[in-house]
Amino acid sequence: MEAFRDIYSSYIVNILDILILTFLFYKAILFIKGTKAIQIILGILVILALTVIARDVLHLKALSLLLNNFWFAAVIIFTVVFQTEIRNFLAQIGGHVRGTGTGIKDRNAQEIVEASEDLSVAMTGALIAIENDVGLRNFAETGVALNANVSKELLLSIFKNKSAPLHDGAVIISHDKLVAAGCLLPLSNDMNVKIFGTRHRAALGLSEITDAIVVVVSEETGQISVAYKGRLRGNITVQKLAEIINSNGQVLEQK
């Protein structure tokens, strides 16, 4: 027993430490990959390099003092800058612990795919959010509660009637129920998506703060797009859409 303790304290504990840190860094990189957080981190690294050069290489006292004071307040600054990413990360951890993401039944996935195809052909705009681990209750409460079974006919009746009050909002699907329609979603601030309409910005905005799969049908082109974890994929075929929904978005994470 004493020998095991010596081996653990000398070797195993260090190996575990390295493995856990490697795993955490790997998950963090995956989480921020493709988001604007990458640019912010690069900016932080540049400031860090400048601090080392100014203090230890060039010995610039005034600049070193200014940069050192910056790092004293860095915790508060980073918390403010990364508040969205931190909130999303913790929400996704909590979602996995709770196990809220039960997926969606094949028949309901097919209803969504068929409705999206019909809307695409008719060039009718649509916005459909499918809940995964992170709950969408806050957004569902901004719309009209339905709590109805998912069906192609219901989706078409909501979006095809352009004069209806629910047409312009989003439909939210949770636990195989169409829980609400006419919902308001947060708009993305990503400059690259401003060439698209409000639906695409709303889809991307929701995907940036949750792990929902958000299906968008363009009213101008009829093109189907999918927003997932902060990325917007356009020109999605109905076959690919079915694959994405049935895999709870995991197909998109493999690329």
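No lab work stands behind these numbers, since they all come straight from the coordinates. Just so we're clear, the structure is a prediction, and the values are computed from it rather than from any experiment. Cβ atoms come from the backbone with ideal geometry, glycine included; neighbour counts cover every protein chain shown.
Search the structure for amide H atoms under 5 Å from the amide H of ALA180, placed 1.01 Å from N in the peptide plane, and list their residues when 5 or more places away or on another chain.
Those lying under 5 Å, H to H, from ALA180 are LEU146, ASN147, ILE172.
For the pair HIS175 and ASN14, how long in nm is the line joining their label points, each one 7 Å along Cα→Cβ?
Modelled inter-label distance: 5.0 nm.
What's the FRET efficiency of PHE23 with PHE70 using the Cβ-Cβ distance as r and R₀ = 30 Å, to the nearest 0.05?
It comes out at approximately 0.50.
Based on the alpha-carbon gyration tensor of segment 106-253, what equivalent-ellipsoid semi-axes (square roots of 5 times the eigenvalues) come out, in whole Å, largest first?
18, 17, 17
When the Karplus curve 6.51 cos²θ - 1.76 cosθ + 1.60 is applied with θ = phi - 60°, which whole-Hz ³J(HN,Hα) does each residue of segment 224-232 get, with x for Gly and Pro?
Along segment 224-232, the couplings run 8, 10, 10, 9, 7, 6, x, 10, 10 Hz.
Starting from 0.36 nm per residue, how many nanometres of slack lie between VAL144 and VAL46 once their C-alpha separation is accounted for?
On the way: separation 98, 0.36 × 98 = 35.28 nm, distance 4.79 nm.
Between VAL144 and VAL46, full extension yields an extra 30.5 nm.
According to a simple spin-label model (label point 7 Å from Cα along Cα-to-Cβ), what is the distance in nm between MET123 and ARG107?
3.5 nm
What ranking, highest mean first, results for peptides 121-129, 239-247 when packing means the other Cβ atoms within 10 Å averaged over each residue?
Highest to lowest by the protection proxy: 121-129, 239-247.
Any of LYS105/LYS160; LYS152/LYS240; LYS105/LYS152 with alpha carbons more than 22 Å apart? Name them for me.
The answer is LYS105/LYS160.
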